[in-house]
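Below is one structure, written out as structure tokens; the observations come after it.
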Amino acid sequence: MSGEGEPEERERRARIDAMLRELAPQVLGAVIRRFRDFAASEDAVQEALIVAAARWPQGGVPEDPRAWLIRVAARRMVDHVRAETARRRREELVVSLVPPEEQLALGPDDDAAKAGDDALLLLFMCCHPALSTPTAIALTLRAVGGLTTAEIARAFLVPEATMAQRISRAKQTIGDSGVPFERPAPEDAARRLGAVLHVLYLIFSEGYAASSGERLQRTDLSGEALRLARMLHGLVPEDTEAAGLLALMLLTDARRAARTGPDGELIPLDEQDRSRWERAAIAEGVALLEATLPRGAVGPYQLQAAIAAVHDEASSTAETDWPQILALYGLLQKMSDNPMVALNGAVAAAMVHGPAAGLARLDELAKDPRLVEHHRLDAVRAHLLERAGDIDGAIAGYRRAAARTTSLPERSYLLERAARLGAAPHER
Amino acid sequence: MKYMLMMNTPGGGPYQIASWPTQDIRAHIAFMKDFAQKLGASGELVAAEGLAGPDQAKLVRAGKDGRPITDGVFPEAKEFLAGYWIVDVESAERAYAIAAQASAAPGPGSAPLNMAIEVRQVMSGPPEDWV
């Protein structure tokens, strides 16, 4: 509008963008509920969002933005089907479609609760166990997160055309597999929600592992996972693991600034500058945990969050309550067969009982076929050997791990540790 | 996970393909086009390039003053990269399966070439479990 500066206009666009991102899954859910065609609904909602993003900054936001978007998307759906039908059979609309005069009736019956429900059902749909994990991730980011194909492609470092194909095939799979748009049966609910949590956790991990060159995109991805986890927690406030996942993300993301050095190098927990941790995020995560743990249905995400909280509340590695962490890993190992959990448990054991205790655990773990020759086993063993004073063993271990890792920053870190030890003692 | 699939060719002269009968050349090229197109359609293709023949390759070293010294005309024994694909797949097994398809590209007389395709994982950012 006249007299408005550039920063104000940018801010208004940013607010409208944020609103559209939040409404997108609710609108998509509503349209799928009516038309039952995931792929076509997704296209139609995309078109409606594009129109809104173009018109609302100048023309103003409608009084009921969600209803507006649903109306426009529904109209697009009808147009699309009409064009398809005309192309194929040159006949009038079939009865299964909503008659044109009823189009305007779509939307207003959505109240906030129903809209939230639709977003939740959409999340369940995109994370259905019938879909492969990469498919679920791409679909969730697209349909629930509202990210563009280009944004998702950049986040996963593939060409846009490749990601477009994947999303297109994912939408096809949903249609073909008959994944329904409805609440999971009560006996399935826990498993289905678990699948959603798993997908969100993977998105967060991808984003949290910010590599140097693509840091910007990757940060957006973990931020996106956080936003979706927050949305989910709001939709199922009674679910303790959803709360646990949100807490875990908050407590982990709080450390992000301290994790990476100026050259993009990885800084492990015990060397991080804790003054760079986000105190507000830590406070929020801790408060959420304190409200959730007493409810009693403690699961792996809550436990991982509790471990993160113990770390985040300590002012240094030395001041960390390692016995508590060791106990928490003990509980976590009862619930999770993941060998990485056992590895971390070994580190905690070393911090409490000394390196020999940790090394003894690693000897046991080395029998696990999943860990044989795994670089992380070598890396952790090298750390403990270093603490135990076996410098030659540590150097060999770091080098072995460096040769086998497929992560560039991790390889640099391991080689550097080996080099540091190989230098004369006064140079270390 | 991203893997690079590398197709090598013996060095020295131009690509052997240049000496094949025309229809065999066409069949080979058509195969490669179709192969790449299918990888695109499956959402697995990240990059694919063919490189100019080994007879056009140069080895470059820095001279004492930092300026490039180029060296050409190589002994027969050396192998050169003819082309590569980078694919983003869910498992190493899938990468090997794709490489096997490339390996079976047709050569002279329409017989599968069964070339050895080198497959190596492309290094990535920090691992998931670093969290």
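All of the numbers you see were taken from the coordinates with simple rules; none came from a lab. Fair warning: this is a prediction, and the values are worked out from it, not measured in the lab. Positions of Cβ are backbone-derived with ideal geometry, glycine not excepted, and every protein chain shown enters the neighbour counts.
A few comments on the model shown:
- Positive dipole terminus of chain A, leading residue within A:Ala254, A:Pro134, A:Thr292 (C-beta point charges): A:Pro134
- Cross-link partners of B:Lys33 among aspartates and glutamates (Cα-Cα below 17 Å; sequence separation of 8 or more within a chain): B:Asp24, B:Glu44, B:Glu49
- Shielding of B:42-48 by partner chains, average beta-carbon count, 10 Å: 5
- Cα gyration tensor shape for segment A:305-413, rounded if a/c is under 1.5, else prolate or oblate: prolate
- Around A:Arg279: net Lys/Arg minus Asp/Glu count, Cβ-Cβ under 15 Å: -2
- Taking other C-beta atoms within 10 angstrom as a stand-in for reagent exposure, A:Val158, B:Val122, B:Val46 fall in the order B:Val122, B:Val46, A:Val158, fewest first.
- Relative exposure of B:Lys64, B:Lys33, A:Lys171, judged by other C-beta atoms within 10 Å (fewest first): B:Lys64, B:Lys33, A:Lys171
- Tensor-based shape of segment B:7-117 (alpha-carbon gyration tensor, a/c under 1.5 rounded, otherwise prolate or oblate): oblate
- Think of it as helices only: each DSSP H run of n ≥ 4 in chain A is worth -39500 (n - 2.57), and spread over all residues that comes to -22500 deg cm²/dmol at 222 nm.
- Residues A:Thr252, A:Thr133 in ascending order of nearby Cβ atoms (within 10 Å, fewest first): A:Thr133, A:Thr252.
- Cα-based shape type of the protein assembly as shown, given that a ≥ b ≥ c are square roots of the gyration tensor eigenvalues and the cut on a/c is 1.5: oblate
- Per-peptide average of other Cβ atoms within 10 Å, ordering A:304-314, A:75-85, A:43-53 highest first: A:304-314, A:43-53, A:75-85
- Here segment A:124-191 is treated as an ellipsoid with the same Cα gyration tensor; its semi-axes, largest first and in whole Å, are 24, 12, 9.
- Candidate lysines for bridging to B:Lys58, where Cα separation is under 21 Å - those fewer than 8 sequence places away on the same chain excluded: B:Lys78
- Basic side chains Lys and Arg get +1 at the Cβ, acidic Asp and Glu get -1 at the Cβ, and with that the dipole of chain A about its Cα centre reaches some 960 debye.
- Choice from B:Gly83, B:Gly53, B:Gly66 with maximal GNM fluctuation in chain B (Cα, 10 Å cutoff): B:Gly66
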